[in-house]
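Read through the structure below, which is laid out as structure tokens, and then see the notes.
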Amino acid sequence: MAKIFCIANQKGGVGKTTTSVNLAAGLAKVGQRVLLVDLDPQGNATMGSGVDKRKLALSVYDVLLESASVQEAAVYAEKSGYHILGANRELAGAEVELVDLERRDQRLKEALAPVQGDYDFVLIDCPPSLSMLTLNGLCSAHGVIVPMQCEYFALEGLTDLVNTIKQVHANLNRDLKIIGLLRVMFDPRVTLQQQVSEQLKAHFGDKVFNAVIPRNVRLAEAPSYGLPGVVFDPSAKGSVAFVEFARELVDRISTM
Ligand code: ADP
Ligand code: MG
């Protein structure tokens, strides 16, 4: 049965999508069957996996509104090595359309149930907000992976996210927990980043993943080629770090 993880952080531009596509590709590379769900109307994870969001016949929007199944709407991103349930601007409308519907926060969970046996991992790239879309992600998941930059306000932002996860855990999804914090865009030459990194380890202990993703321009360039960095330039430092992270996650799951 698939482990279902949200990649979440309510801040924008912290590396959620970069983590989603590269973790998906990294897991595929180490032999895991992966479905990536793009829950952000920006559709960056879709494009970054090599699937044109403007040409999607069906998307996660149709799945949330129950006019398509995951099997029907997911496509195989051949070069990336995983399936993607894509998103585009249409998804922004789902927020409003779901409001009056029953089980509006359970739609994704129910849609994923029939495909759980088809994958080892389902990763959900969340939008940068605590919207109905993110709530659908959190209600579906066994855990949350939090990418974060080691900057001054990082810990403060984390408190809000941790509280949200606690609330969802208490009221909506007893399975939900934080799987771990992933340090991304890390630059060891910056003293402040080292300090925040140490603070993180002091506060969260082994919830902080050992793998560290460095700031690496190849990871930023890869989306314009419609590829995860891990596939675009496998020998780049950032790509190597993401494959290492994928291995660490597989190990961590086996002891969970
Ligand atoms: P989010 O999904 O949280 O909004 P993104 O993954 O889109 O964040 O990342 C924001 C920007 O930072 C993007 O332009 C991305 O290419 C860049 N970026 C993310 N991770 C790295 C990294 N490790 N090294 C260099 N650039 C990165
Ligand atoms: Mg994003």
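The values are calculated or read from the model by the stated rules, or taken from the named source; none is laboratory data. Bear in mind the structure is a predicted one, so any value in this text is a computation, not a measurement. Neighbour counts run over all protein chains shown; Cβ positions are idealised from the backbone, glycine included. To get the accessible areas, we keep the full protein, side chains included, count just its heavy atoms, and leave off ligands, DNA and RNA. Shrake-Rupley method; radii C 1.70, N 1.55, O 1.52, S 1.80 Å.
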**Fill in**
Surpassing 18 Å at the alpha-carbon level, of the pairs 3/177; 11/207; 11/55; 109/177; 29/53, are 11/207; 11/55; 29/53
**Item:** Hull volume in cubic angstrom per residue (convex hull over the Cα atoms of segment 103-198)
**Value:** 108
**Item:** Of the trypsin sites (Lys or Arg not before Pro) in segment 130-181, those whose Cβ has at most 13 other Cβ within 10 Å and which sit in DSSP loop
**Value:** 174
**Request:** Using θ = phi - 60° and the Karplus relation 6.51 cos²θ - 1.76 cosθ + 1.60, list the HN-Hα couplings for segment 159-168 in order, rounded to whole Hz, with x at every Gly or Pro.
**Result:** 4, 4, 5, 4, 5, 4, 4, 4, 5, 5
**Item:** Compactness of segment 19-124 - radius of gyration and Dmax, Cα, Å
**Value:** 13.1, 42
**Item:** Overall Cα dimensions of segment 120-172 - principal axes, largest extent first, Å
**Value:** 32, 26, 18
**Prompt:** How much mean residue ellipticity at 222 nm does the chain get from its helices, if each DSSP H run of length 4 or more adds -39500 (n - 2.57) and you divide by all residues, to the nearest 500 deg cm²/dmol?
**Reply:** -12500 deg cm²/dmol
**Request:** Along Cα→Cβ, 7 Å out, is where each label goes; now give me the distance between the ones at residue 166 and residue 218 in nm to one decimal.
**Result:** 4.1
**Message:** Accessible area of segment 84-240 with a 1.4 Å probe: how many percent of it is carbon plus sulfur?
**Reply:** 52
**Stretch gain in nm, segment residue 252-residue 225, where the contour uses 0.36 nm per residue and the Cα spacing is subtracted** = 6.6 nm
**Message:** Over the chain, what portion of Cα pair distances is larger than 32 Å, expressed as a whole percent?
**Reply:** 15
**Message:** Starting from 0.36 nm per residue, how many nanometres of slack lie between residue 159 and residue 110 once their C-alpha separation is accounted for?
**Reply:** 14.7 nm
**Message:** Of the candidates 20, 80, 69, which one comes out as most mobile in a Gaussian network treatment of the chain with C-alpha springs shorter than 10 Å?
**Reply:** 69
**Asked** Any idea of the accessible area per residue across segment 1-155, 1.4 Å probe, to the nearest Å²?
**Response** 39
**Request:** Please report Rg over Rh for segment 128-256, where both radii come from the alpha carbon positions and Rh follows the Kirkwood definition.
**Result:** 0.98
**Request:** Note down the relative contact order for the chain as a percent, whole number, built from C-alpha pairs under 8 angstrom at least six residues apart.
**Result:** 26
**Message:** Using the Cα centre of the chain as the reference point, and only Cβ charges (+1 on K/R, -1 on D/E), how large is the resulting charge dipole? Debye, rounded to the nearest 20.
**Reply:** 600
**Message:** Along the Cα→Cβ direction, 7 angstrom out, place labels at residue 189 and residue 206. What is the inter-label distance in nm?
**Reply:** 3.5
**Fill in**
In terms of the alpha carbon gyration tensor, root eigenvalues a ≥ b ≥ c, rounded if a/c is under 1.5 and otherwise prolate when a/b exceeds b/c or oblate, segment 107-148 is oblate
**Item:** Per principal axis, descending, Cα span of segment 1-46 in whole Å
**Value:** 30, 19, 16
**Asked** Given the options 221, 78, 102, which has the most mean-square fluctuation in a GNM of the chain, springs set between C-alpha atoms less than 10 angstrom apart?
**Response** 102
**Complete:** One would report the antiparallel percent of DSSP beta bridges in the chain, rounded to the nearest 5, as 10
**Request:** Could you work out the relative contact order of segment 123-207, using alpha carbon pairs under 8 angstrom and six or more residues apart, expressed as a whole percent?
**Result:** 34
